[in-house]
Amino acid sequence: MRDTKIAGLEKMAAGVRYDILNMLLKCGAGHLGGSFSIVELLCVLYGSQMNHDPANPDWSGRDYLVLSKGHAGPALYATLAHQGYFAHDQLDTLNCGGTDFPSHPDRLKTIGVDVTTGSLGQGTSQAAGVAYGLKLAKRDNHVYLIVGDGELNEGQCWEAFQFIAHYRLDNLVVIIDDNKKQLDGYTQDVMNPFDIAKKMEAFGFYTMKVKGDDLEAIDLAVSYLRRVGSTAKCIVLDTVKGQGIGYFEELMDNHSVKFDSQENQKAAKAALDELEKLMNREAENV
Amino acid sequence: MFELTENRNTKGRELRTSVVESILELIKENDKVVALEADLGGASYFNKINKAAPHNFIQMGIQEANMVGVAAGISIVGYVPFVHTFAPFATRRVLDQIFMSGSYSKNTINIYGSDPGYCVGTNGGTHTSFEDVALLRAIPEIVICDGADDTQVAWIVKEFAKMEGVHYLRANRKAVRDIYKAGSSFQIGKGNLIFEGKDVLIISAGELVSDALDARDILEAQGYSVGVIDMFTIKPLDEKLIIEQAAKAKIVVTFENHSVIGGLGSAVGEVIVENRLNPIFKRIGVEDKFGQVGSPDFLKEKYGLTSKRLVKEIKTLSGKM
Ligand SMILES: Cc1ncc(C[n+]2csc(CCOP(=O)(O)OP(=O)(O)O)c2C)c(N)n1
Ligand SMILES: [Mg+2]
């Protein structure tokens, strides 16, 4: 028997992935690859590790999540909807004129979003500022910063990392979504990242490598890091772009997926069916 | 010399295709032409340059500031760099690099900033540039062009390659309506007087020139005499043409896919006031607002950048005469 908490998170992940796919399908296109690769992470953070209250999004004791790779906004919205921040059907308005759910997270528009992102790199410094401010104010909220592996190309990330390490912001965890791809292809080919974990260590971070589809491992790592003090902290999350649905994992151009081909539409429909089964699976069968 | 197309309702090549094909032609003539891209090669089609001429392509990754600096550096040793990223990242994100490594140092950087203003569509407010022209206009010696159709965009790219310095082209990635016949040529710093008019003068730039021409059709049918200038070079500005044409008009309006602050409208207004011309004058553009998500058509409507709005504004102004 698997832990019931993990079984619950598994169902949550299926539900979140379902909603993301559904949203993008309705829009006709969207950032699928990088949304799917952080589903398990978001489920652990919101479903298990973060202090937050959907009924009181501005609660002063809440932990902060900064999605610096803002193009994965749909993944965050689906997670927040699952947690009850807003009605599910609101997700259908993604990217429509006048929506509160823009492609990239906007703190002035969406309930539960604390930091506006979209221009890559900028979430890192804002997260560092939030963490520094929380320390100054002697508050014990935590900050979770999600950065793309391609996003690491931006020099601003490394400026923020120096700052975080220099000031030993141990109330912040940098989580790098190492899905090995960016927009134009593999990170290896576009701009070689070399060994990301070693780089983070060299920058002064206590660094863990964690499998990005392993809910239990992510849960353990985040919970452990919460208790590690006096150092900057990083998780290099080993993920797959398009994670969770074989067809989209294998699709080479899966950064932004267009549903204008029969093939992609068929695969999406099949994936929705498969995910629906996982969502409705009874606990004892797990 | 430019000639107008016979059918303004057809669309030409995608503008990114125009840019890419022109760069590839330039590379054939001059091996020193290089294209730099910041991980948007799939979006700009610069990946086609990588395929056809890998030696002349530099993948920068998501490093806009570094890209502008590298472009400046490579020009020091004789290369002719063309860089691409979305308009906001090609301008406001890298402003000091454009300033010091580029213009101030008299290095050469040709910039294609794509999807300016409402062209951004569902990439939304963070990716919207309603201020790119204003930002660059304040930097000495920069050439700023707003591409009106694929013929003009292709010409601009070719022309940039002949000149030293920092040159900025803002243009959609997608196809836009035709204005000019293939083979038309232009002159940097010279506005295109498409039509002369007696009552109203519309000065526009970029793909909105098509909408300005639509507005002219409507107004002419209602008895107005309307001139239209395609001011595709916003800097250096064709002051002579503005003075000459604005002096004859009762109403002058500017019409731009940009904030009314600091762009074409401001530039034209400065010329009109400083030369003591006295037409009724109005800038039509984005009213000091941020962008948002939505389809380009939705955004166009939302920010009042349609021919319908233009007609309405002009009629209101003429009521005041
Ligand atoms: C400053 C900036 N430059 C370019 C872009 C366009 N862009 C959006 S996503 C992306 C690739 C991101 O790759 P990565 O960080 O690896 O994200 P993931 O693989 O998780 O989708 C690019 C170039 C942007 N949003 N911001
Ligand atoms: Mg990636």
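Quick note: the coordinates plus some simple rules give every number you see, no bench work behind them. Quick caveat, the model's predicted, so the values are computed rather than measured. Glycine gets a Cβ as well: all are built from the backbone with ideal geometry, and neighbour counts include every protein chain shown.
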Here Rg/Rh (Cα, Kirkwood) for the range A:111-156 equals 1.01
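Counting Lys and Arg as +1 and Asp and Glu as -1, what is the net charge of the other residues whose Cβ lies under 9 Å from the Cβ of A:GLY34? Before the final figure, lay out each step's value.
Working: positive: A:LYS69, A:LYS181, A:LYS241; negative: A:ASP177.
Net of charged neighbours comes to +2.
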Taking the Cα centre of the range B:117-235 as origin, sum charge times position over the Cβ atoms of Lys and Arg (+1) and Asp and Glu (-1), and report the length of that vector in debye to the nearest 20.
-> 280 debye
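For B:LYS162 and B:GLN222, FRET efficiency with R0 = 41 Å and r from the beta-carbon atoms, rounded to 0.05?
Numbers: r = 43 Å, r/R0 = 1.06.
Taking R0 as 41 Å, the efficiency between B:GLN222 and B:LYS162 is 0.40.
Roughly speaking, what % of Cα-Cα pairs in the range A:1-159 are separated by over 23 Å, rounded to a whole number?
Counting every Cα pair in the range A:1-159, those more than 23 Å apart make up 36 percent.
Strictly over 29 Å apart at the Cα level, which of A:LYS26/A:LYS69; A:LYS209/A:LYS277; A:LYS233/B:LYS289 would you flag in this model? All intermediate terms of the calculation are to be shown ahead of the outcome.
Numbers: A:LYS26/A:LYS69 22 Å; A:LYS209/A:LYS277 31 Å; A:LYS233/B:LYS289 39 Å.
Flagged as over cut-off: A:LYS209/A:LYS277; A:LYS233/B:LYS289.
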Inter-probe distance in nm under a simple model that places probes 7 Å from Cα toward Cβ, at B:GLU287 and B:ALA138 | 2.4 nm
Once label points are set 7 Å from the Cα along Cα→Cβ at both B:GLU244 and A:ASP253, what is their separation, rounded to one decimal in nm?
-> 4.6 nm
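Set the Förster distance to 41 Å, then compute FRET efficiency between A:GLN265 and A:PHE194 from the Cβ-Cβ distance, nearest 0.05.
Working: r = 39 Å, r/R0 = 0.94.
E(calc), rounded to 0.05, equals 0.60.
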Please give the average number of partner chain Cβ atoms lying within 10 Å of the Cβ of each residue in A:98-106, rounded to a whole number.
-> 5
Quarter of the Cα convex hull surface for the range B:162-202, i.e. its orientation-mean projected area (nm²) | 4.9 nm²
Grab every C-alpha pair in chain A, bin the distances at 5 angstrom width from 0 up to the longest one, and report whole percents.
-> 1, 6, 13, 18, 20, 18, 13, 8, 4, 1, 0, 0
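Cα gyration tensor of the range B:15-171, axes a ≥ b ≥ c as square roots of the eigenvalues: rounded (a/c below 1.5), prolate (a/b > b/c) or oblate? Please report the intermediate quantities before stating the final value.
Working: a/c = 1.36, a/b = 1.11, b/c = 1.23.
Note, shape of the range B:15-171 comes out rounded.
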Taking A:TYR167, A:TYR18, B:TYR79 and counting other C-beta atoms within 10 Å, the order from fewest to most = A:TYR167, B:TYR79, A:TYR18
Extend 7 Å from the Cα of A:ASP53 along its Cα-to-C-beta direction; within the range A:124-166, residues with backbone N under 18 Å of that point are A:139-142
Do any of A:LYS198/B:LYS28; A:LYS5/A:LYS180; B:LYS162/B:LYS248; B:LYS181/B:LYS235; B:LYS250/B:LYS308; A:LYS199/B:LYS106 go past 31 Å between their Cα atoms, and which?
-> A:LYS198/B:LYS28; B:LYS162/B:LYS248; A:LYS199/B:LYS106
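Assuming a ≥ b ≥ c are the square roots of the Cα gyration tensor eigenvalues, decide whether the range B:192-318 counts as rounded (a/c under 1.5), prolate (otherwise, with a/b larger than b/c) or oblate. Intermediate results must be reported in sequence, preceding the final value.
Details: a/c = 1.75, a/b = 1.25, b/c = 1.40.
Taking the square roots of the gyration eigenvalues as a ≥ b ≥ c, the range B:192-318 is oblate.
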Formal net charge of residues neighbouring A:ILE196 (Cβ-Cβ distance under 12 Å; K, R +1; D, E -1) = -3
How much length is gained on full extension from B:ILE280 to B:SER105, taking 0.36 nm per residue of separation minus their Cα-Cα distance?
-> 58.9 nm
For helix A:155-166, what angle does its Cα long axis make with the longest principal axis of chain A, in degrees from 0 to 90 and rounded to 10?
-> 50 degrees
Beta bridges per DSSP with both ends in chain B, % antiparallel, nearest 5 | 15 percent
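Taking Cα pairs under 8 Å and at least six residues apart, what relative contact order does chain B come out at, in percent? Don't jump to the answer; show the numbers that get you there.
Details: 737 pairs, mean separation 58.5, N = 321.
That works out to 18 percent.
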With a Förster radius of 22 Å, plug the Cβ-Cβ distance of A:ASN280 and A:THR4 into 1/(1 + (r/R0)^6) and report the FRET value to the nearest 0.05.
-> 0.85
Taking the range B:145-210 and dividing mean pair separation by its residue count, relative contact order in percent (alpha carbons under 8 Å, at least six apart) | 51 percent
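Give the shape of chain B as rounded, prolate or oblate, defined through the alpha-carbon gyration tensor: a ≥ b ≥ c are the square roots of its eigenvalues, a/c under 1.5 means rounded, and otherwise the shape is prolate if a/b is larger than b/c and oblate if not.
Values: a/c = 1.75, a/b = 1.70, b/c = 1.03.
In terms of gyration-tensor shape, prolate.
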Could you work out, residue by residue across B:69-81, how many beta carbons of other chains sit within 10 Å of that residue's beta carbon, and then give the average as an integer?
-> 0
For chain A, with a Gaussian network of springs between Cα atoms less than 10 Å apart, report the residue from A:ARG227, A:ARG62, A:ARG17 with the top mean-square fluctuation.
-> A:ARG227
Of all the C-alpha pairs in the protein assembly as shown, what % are more than 31 Å from each other?
-> 53 percent
What is the set of long-range amide H partners of A:SER68 at a cut-off below 5 Å, with H atoms built 1.01 Å from backbone N?
-> A:ILE146
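Relative contact order for chain A: what is it in percent, counting Cα pairs under 8 Å that are at least 6 residues apart?
Values: 529 pairs, mean separation 69.1, N = 286.
So the answer I get is 24 percent.
Where does each of A:CYS157, A:CYS43 land when they are ranked from fewest to most other beta-carbon atoms within 10 angstrom? All intermediate terms of the calculation are to be shown ahead of the outcome.
Numbers: A:CYS157 24, A:CYS43 28.
Exposure proxy ranking, most exposed first: A:CYS157, A:CYS43.
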Principal-axis tilt of helix A:122-136 within chain A, Cα atoms, nearest 10 degrees | 50 degrees
In nm, to one decimal, how far is the A:SER230 label point from the A:ILE111 one, both placed 7 Å along Cα→Cβ?
-> 4.3 nm
Counting other C-beta atoms within 10 Å, which of B:VAL33, B:VAL19 has the fewest, and how do the rest follow?
-> B:VAL33, B:VAL19
Provide a whole-number value for the mean count of partner chain Cβ atoms within 10 Å of the Cβ atoms in peptide B:124-131.
-> 5
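For the range A:150-286, take the alpha-carbon Rg, divide it by the Kirkwood Rh, and send me Rg/Rh. List each step's numbers first, then the result.
Numbers: Rg = 18.1 Å, Rh = 17.2 Å.
Expressed as Rg/Rh, it is 1.05.
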Cα-centred dipole magnitude for the range B:192-318, charges only on beta-carbon of K, R (+1) and D, E (-1), debye, nearest 20 = 360 debye
